[in-house]
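The values are calculated or read from the model by the stated rules, or taken from the named source; none is laboratory data. Since the model is a prediction, treat every value here as computed from it, not as a measurement. Glycine also receives a Cβ, built like all others from the backbone with ideal geometry; neighbour counts cover every protein chain displayed. Only protein heavy atoms, including side chains, enter the accessible area calculation; ligands, DNA and RNA are left aside. Shrake-Rupley method; radii C 1.70, N 1.55, O 1.52, S 1.80 Å.
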Amino acid sequence: MMIEVEIVPALNDNYIYIIHNKTKFLTSVLDPGDPDPVIKKLKEKNWQLNQIINTHHHFDHTDGNDKLIEMYNAELVAPVYDNQRINGVHLNVSDKDVIEIAGTSSNVIFTPGHTSGHICFYLNDEKILFSGDTLFNLGCGRVFEGSMEQMQDSLKKIINLPDETEVYCGHEYTLSNAKFCLSLQPNNIEIKKKYDEIVKKRNNNQFTVPFKLGEQKLLNPFLQFDNKDFIKTMNLNEKTETEIFEYLRNKKDNF
Ligand code: ZN
Ligand code: FE
């Protein structure tokens, strides 16, 4: 693989990702909510930052933009839909755009819901997805600006990607998500197994990213809107797909 991803934990529970191309010696950073741990890691690796990319306008994903642009003269790539809310953008991107991230071809996927302008980035050759605050390990982002239906449609777009896709999400929320999953299906052996694995990882201070998309299709409750067994166990037969999603999202918000 010519692409290497460095995971940089930041703020309370954010993940910043540094994406480095070993062949072309190009480096990008995704969602730098804090510039300092990024600068530290770049120095340690002896990498020069070329590009900053943002999934959405929230401060915990963008607050480091200005300092990094100033220090490295890096190019800022951000969603066109957040044009008024992110400063200093050099390249505005929208749905289905193909851009280079660390010198490798990447698709822009418009995924509104968490915010109205949210985008995800998919590195085609590497099968790597940066899902921001749309898809989390065993969960999904809160619906702040979009509708429940929009968020669900965004998740549906994501699950069209290959099962072997490695997903890097915006936050370490996995333990709380795993607890929620288990509360929904306390008798599901697969969920219990996953829960135990996550507890162990977090107790050892390990990251729960990246994770495989195929596994999420089986275990993530927000992706089970057409899973007959799940719907039956949860007693959701009377509800439409969007109502099921809304029910789960509200339940998680109050968990
Ligand atoms: Zn956010
Ligand atoms: Fe966030």
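Which semi-axes, in whole Å and largest first, does the equivalent ellipsoid of the stretch 66-181 have when worked out from the alpha carbon gyration tensor as the square roots of 5 times its eigenvalues? Could you put the intermediate results ahead of the total?
Values: eigenvalues 113, 58, 44 Å².
Each semi-axis is the square root of five times an eigenvalue, giving 24, 17, 15 Å.
Ranked from highest to lowest mean number of other Cβ atoms within 10 Å per residue, what is the order of the peptides 144-152, 164-172?
Details: 144-152: 18.2, 164-172: 20.9.
Order by mean packing, descending: 164-172, 144-152.
Among the aspartates and glutamates, select those whose C-alpha is under 19 Å from the C-alpha of residue 67, and discard any that sit fewer than 8 residues away in the same chain.
31, 34, 36, 44, 75
Can you compute log10 of I(q)/I(0) for the stretch 215-255 with the Debye formula, treating each Cα as one identical point scatterer, at q = 0.31, 0.32 Å⁻¹?
Debye curve over Cα of the stretch 215-255, log10 I(q)/I(0) at q = 0.31, 0.32 Å⁻¹: -1.17, -1.20.
Any chance you could get the radius of gyration and Dmax over the Cα atoms of the stretch 174-253, in Å?
13.1, 42
May I ask for the angle, rounded to the nearest 10°, between helix 241-253 and the longest principal axis of the chain, with both axes built from Cα atoms and the value confined to 0 to 90°?
Roughly 70 degrees, rounded to the nearest 10.
Compute the semi-axes of the equivalent ellipsoid of the stretch 1-79, taking the square root of 5 times each eigenvalue of the Cα gyration tensor, and list them largest first in whole Å.
18, 13, 12
When only C-alpha pairs under 8 Å and at least 6 residues apart count, what is the relative contact order of the stretch 174-253, in percent? Walk me through the numbers before you get to the answer.
On the way: 48 pairs, mean separation 19.3, N = 80.
With pairs under 8 Å counted, the relative contact order is 24 percent.
Using Cα atoms only, what is the angle between the long axis of helix 148-158 and the major principal axis of the chain, expressed in degrees (0 to 90) to the nearest 10?
70
Note the angle between two axes, namely the Cα long axis of helix 189-203 and the longest principal axis of the Cα atoms of the chain, as a number of degrees from 0 to 90, rounded to the nearest 10.
40
Note down the relative contact order for the chain as a percent, whole number, built from C-alpha pairs under 8 angstrom at least six residues apart.
Details: 509 pairs, mean separation 32.1, N = 255.
Across the chain, relative contact order equals 13 percent.
What does the highest-first list of 214-225, 190-201 look like by mean Cβ count within 10 Å?
Details: 214-225: 19.6, 190-201: 15.2.
Put in order of decreasing packing, that is 214-225, 190-201.
Any idea of residue 140's accessible area? Nearest 10 Å², probe 1.4 Å.
Estimated to the nearest 10 Å², residue 140 gives 10 Å².
Give or take rounding to whole Å, what are the principal axis extents of the alpha carbon atoms in the chain, in descending order?
55, 39, 31
Within the stretch 164-192, which residues have the backbone N less than 14 Å from the label spot 7 Å out from residue 203 along Cα→beta-carbon, could you tell me?
none
Using the structure shown, list the pairs from 22/194; 201/251; 96/251; 96/239; 156/252 with a Cα-Cα distance above 22 Å, or answer none. It would help to have the intermediate numbers written out before the result.
Values: 22/194 33 Å; 201/251 25 Å; 96/251 33 Å; 96/239 32 Å; 156/252 19 Å.
Result: 22/194; 201/251; 96/251; 96/239 exceed 22 Å.
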